[in-house]
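Each remark here refers to the structure printed beneath this line.
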Ligand SMILES: NC(=O)c1ccc[n+]([C@@H]2O[C@H](COP(=O)([O-])OP(=O)(O)OC[C@H]3O[C@@H](n4cnc5c(N)ncnc54)[C@H](OP(=O)(O)O)[C@@H]3O)[C@@H](O)[C@H]2O)c1
């Protein structure tokens with residue numbers, strides 16, 4: 001693959017108001033990319049778009065996107081294409097940890113799976129077909145180390161992220177033949193609104209550093225990124241623990 005140039009190339013950020021996505025946006029803006037910020041909070045997206053435009057002298061756009069409203073995705077995608085013309089890449093950054101009050105109820109587990117997994121599959125199907133046809137582009141998908149092993153605290157989220165990781169793997173095998181990159185990102189604990197007030201977290205990373213590291217990966221070769229890097233080894237250890245022992249642990 002030739003060296004990637006992002007200047008004036010359009011990148012769509014799904015879940016742009018997320019703390020990690022904001023770090024990614026800064027790194028993309030420094031490269032001169034044109035950004036389309038998508039999410040549900042239009043007031044926040046407008047102020048983020050204006051800030052990035054002024055700070056980095058780039059073109060920015062924003063629009064409403066709800067991961068759970070699957071039927072709206074084709075119209076959203078068409079609108080993005082109309083506004084941007086050509087699209088160089090997409091970053092999937094939205095996510096939902098769930099409400100710990102009713103995390104074991106089917107209704108909440110359905111929310112978690114719909115938002116994290118089905119919503120991602122729904123919107124990425126459209127982008128994947130577009131990039132396959134264009135024979136260029138990139139998809140960065142934020143999964144999680146949580147997808148590496150199911151834990152009692154929130155296994156619907158773990159399952160959603162595990163499914164997402166597998167989905168990205170398959171997408172990568174399909175699209176790599178068409179000159180399209182698919183990068184799977186597996187963050188460890190990151191200090192964001194998603195994890196605010198949660199107990200049992202350790203080695204918590206700064207979201208801006210994580211975001212910048214994610215974009216740096218576009219210029220490197222690997223398909224899977226653990227961020228911070230040491231989570232690769234924590235996961236390795238976690239996967240080696242036999243099931244009879246793992247079920248006795250509580251993290
Ligand atoms: N923080 C961590 O420790 C950690 C660790 C591993 C992986 N991750 C993953 O990293 C990604 C970013 O997380 P973060 O910690 O930066 O999150 P965050 O700051 O809490 O933001 C979550 C984002 O998801 C968006 N979102 C939620 N439901 C949505 C929906 N139905 N449609 C569209 N957008 C929706 C939110 O938008 P609204 O403003 O509209 O709610 C918000 O922008 C997520 O995929 C998360 O699972 C995070």
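Read the figures in this text as sums done on the coordinates, not as results from a lab. Remember, it's a predicted structure, so these values are computed and weren't measured experimentally. Because the Cβ atoms are built from the backbone with ideal geometry, glycine has one as well, and the counts that use them run over all protein chains shown.
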Problem set entry | GNM top mover of 106, 94, 131 - the chain, alpha-carbon springs below 10 Å | 106
Exercise. Most fluctuating residue of 239, 101, 169 in a GNM of the chain with Cα springs under 10 Å: which is it?
Worked result: 101
Exercise. Once the Cα gyration tensor of the chain is found, what semi-axes does its equivalent ellipsoid get, as square roots of 5 times the eigenvalues, in whole Å, sorted largest first?
Worked result: 29, 20, 18
Problem set entry | Top of 85, 163, 32 by mean-square fluctuation, Gaussian network on the chain, Cα under 10 Å | 85
Problem set entry | Over 16 Å [Cα-Cα, segment 1-65], rounded percent | 37
Exercise. In nm, to one decimal, how far is the modelled label at residue 55 from the one at residue 8, with both set 7 Å along Cα→Cβ?
Worked result: 2.4
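Could you work out the helix-only [θ] at 222 nm for the chain, with each DSSP H run of four or more residues adding -39,500 (n - 2.57) and the total divided by the number of residues, to the nearest 500 deg cm²/dmol? Let's see the in-between values first.
Values: 9 runs with 109 residues, N = 251.
After summing the helix terms and dividing by the residues of the chain, the value is -13500 deg cm²/dmol.
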Seminar exercise, completed: Expressed in angstrom and ordered largest first, the alpha-carbon extents of segment 127-193 along the principal axes are 42, 22, 14
Exercise. In percent, what relative contact order does the chain have, based on Cα pairs under 8 Å that are 6 or more apart in sequence?
Worked result: 19
For this session: For an R0 of 51 angstrom, estimate the FRET efficiency from the Cβ-Cβ distance between residue 81 and residue 152 and round to the nearest 0.05.
Result: 0.75
